[in-house]
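Trainee: Dropping a structure here in structure tokens format, bear with me for questions.
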Amino acid sequence: MPVIRPSNCGKPGSVRAFAPAGVGNIGVGFDLLGHSFDGPRDVASVRRIEQPVVRIAAITGEAAGKDSIPLLTERNTAGGALASFVDGLGLDFGFELALEKGIPVGAGLGGSAASCVAALVAANALLDNPLSREALYPFAIDGEAISSHSRQGDNVAPMLLGGVVLATAERMITLEVPDWLHCVVVHPDQVLETRLAREVLGAPYPLATVVRHGAHLALFLIGLQRGDPQLIREGLHDVLAEPRRAPLVPGFAQAKAAALDHGALGSSLSGAGPSVFAWFASKAEAEAAAPAMRAAFAAAGFDSRAFVSPVAGPRADLLESL
């Protein structure tokens with residue numbers, strides 16, 4: 001889709017923006033790492049209005065679901081992000097929002113995050129002096145927290161910046177990604193609530209497990225920085241969330257095994273699940289593995305969709321002005 005900068009910044013008008021799907025955690029980086037990928041996306045149409053309020057006019061799209069996404073501003077991630085944006089900047093005007101949902105809810109693909117990032121990028125273009133992506137980050141976290149009931153940026157940060165991002169509560173750091181790295185993301189026909197997926201993580205972890213996690217994370221980050229597939233392979237193991245969440249996703253173990261059998265550097269749950277991601281050292285390997293991962297879910301009784309993309313996926317951006 002063409003990216004066209006609107007000519008009416010700072011004046012009443014409307015713009016559209018998209019945000020890509022994402023892989024939260026990247027297995028080894030729980031609540032810390034994420035990356036975007038080229039696949040489903042959400043689109044936000046935002047119109048500037050005179051009153052300093054936020055209204056949600058409509059939610060449409062193949063992933064919208066019947067009555068599954070609230071229209072109330074305070075209960076909607078995009079609406080909440082825009083309300084925080086208006087209040088935080090002390091604006092004397094507001095926004096009307098329409099969402100086109102392309103990313104399913106409860107899929108582990110960052111659907112809630114994509115809605116608020118797309119809305120913020122569109123609304124930001126209607127300011128007299130648009131903010132930087134870094135300045136939008138706190139408002140995106142405010143919106144995402146409505147859905148996740150926690151505050152972390154591993155979903156919204158990669159959508160704002162693109163590619164692989166290390167996200168803390170205060171900052172986003174883009175990480176180097178070799179151009180040969182590709183991913184497969186498989187979304188089975190299942191729904192897993194993020195809240196339930198977080199509840200299973202409540203019990204304390206043994207110190208030895210925490211130390212092992214730290215070692216994996218260090219290897220993974222150095223492997224990315226050096227472009228070393230063997231270090232990435234050694235590091236891409238989730239010993240924290242995956243063992244507790246895997247039983248919530250029928251077919252996960254088989255899909256992961258299929259990815260590893262086809263040469264994956266590593267595989268785990270995308271975000272909270274039920275989607276599964278795998279990283280590969282080439283596009284050809286990723287394309288060969290995708291049907292096998294889908295077949296694994298089919299054997300467990302679930303249809304699925306697979307997406308193959310560079311790991312350095314796109315960032316949210318504007319579409320045409322309205």
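Trainee: In the stretch 281-316, which residue that is closer than 26 Å to residue 176 by Cβ and of a type in the set (Lys, Arg) is surrounded by the most Cβ atoms within 10 Å (Cβ to Cβ)?
Mentor: Per the criteria, the residue is 315.
Trainee: With respect to residue 99, determine if the residue is under 16 Å from residue 314 (Cα atoms) and either outside the structural domain of residue 248 (by TED's automatic domain parsing) or at pLDDT 95 or above (or both).
Mentor: Judged against the criteria, residue 99 is not a match.
Trainee: While we're on this one: Scan 216, 187 and give me the residue that is surrounded by 19 or more Cβ atoms within 10 Å (Cβ to Cβ), in contact with a helix residue (DSSP H, G or I) (Cβ under 7 Å, 6 or more places away or on another chain) and in contact (Cβ under 8 Å) with a residue 12 or more places away in the chain. Full working, then the answer.
Mentor: Values: 187 fails: in contact with a helix residue (DSSP H, G or I) (Cβ under 7 Å, 6 or more places away or on another chain).
Sole residue among the options that is surrounded by 19 or more Cβ atoms within 10 Å (Cβ to Cβ), in contact with a helix residue (DSSP H, G or I) (Cβ under 7 Å, 6 or more places away or on another chain) and in contact (Cβ under 8 Å) with a residue 12 or more places away in the chain: 216.
Trainee: Every residue in the stretch 150-199 that is over 16 Å from the mean Cα position of the chain (by Cα), among the acidic types (Asp, Glu) and closer than 16 Å to residue 140 by Cβ, please.
Mentor: Listed by number, the list holds a single entry, 170.
Trainee: Could you go through the stretch 269-278 and let me know if any residue there is surrounded by fewer than 17 Cβ atoms within 10 Å (Cβ to Cβ) and modelled with pLDDT of 95 or more.
Mentor: Scanning the stretch 269-278 turns up no residue that is surrounded by fewer than 17 Cβ atoms within 10 Å (Cβ to Cβ) and modelled with pLDDT of 95 or more.
Trainee: Residue under question is residue 99, and the condition is that it be in contact with a strand residue (DSSP E or B) (Cβ under 8 Å, 6 or more places away or on another chain), under 25 Å from residue 39 (Cα atoms) and surrounded by 22 or more Cβ atoms within 10 Å (Cβ to Cβ); does it hold? First the steps, then the outcome.
Mentor: Working: in contact with a strand residue (DSSP E or B) (Cβ under 8 Å, 6 or more places away or on another chain): yes; under 25 Å from residue 39 (Cα atoms): yes; surrounded by 22 or more Cβ atoms within 10 Å (Cβ to Cβ): yes.
For residue 99, the condition - in contact with a strand residue (DSSP E or B) (Cβ under 8 Å, 6 or more places away or on another chain), under 25 Å from residue 39 (Cα atoms) and surrounded by 22 or more Cβ atoms within 10 Å (Cβ to Cβ) - is met.
Trainee: Mind counting the residues in the stretch 304-322 that are under 26 Å from residue 243 (Cβ atoms) and not in a strand (DSSP E or B)?
Mentor: 1
Trainee: Next up: Scan the stretch 166-175 and give yes if some residue there is buried (at least 23 other Cβ atoms within 10 Å of the Cβ) and either in contact (Cβ under 8 Å) with a residue 24 or more places away in the chain or among the aliphatic types (A, V, I, L, M) (or both), otherwise no.
Mentor: Looking through the stretch 166-175, at least one residue is buried (at least 23 other Cβ atoms within 10 Å of the Cβ) and either in contact (Cβ under 8 Å) with a residue 24 or more places away in the chain or among the aliphatic types (A, V, I, L, M) (or both).
Trainee: Based on this model, can you work out whether residue 80 counts as touching a helix residue (DSSP H, G or I) at 6+ places or on another chain (Cβ under 6 Å) and within 19 Å of residue 147 (Cα to Cα)?
Mentor: Yes; evaluated as a whole, the condition is true for this residue.
The values are calculated or read from the model by the stated rules, or taken from the named source; none is laboratory data. What you see is a predicted model, and the numbers here were worked out from it, not measured in a lab. Neighbour counts run over all protein chains shown; Cβ positions are idealised from the backbone, glycine included.
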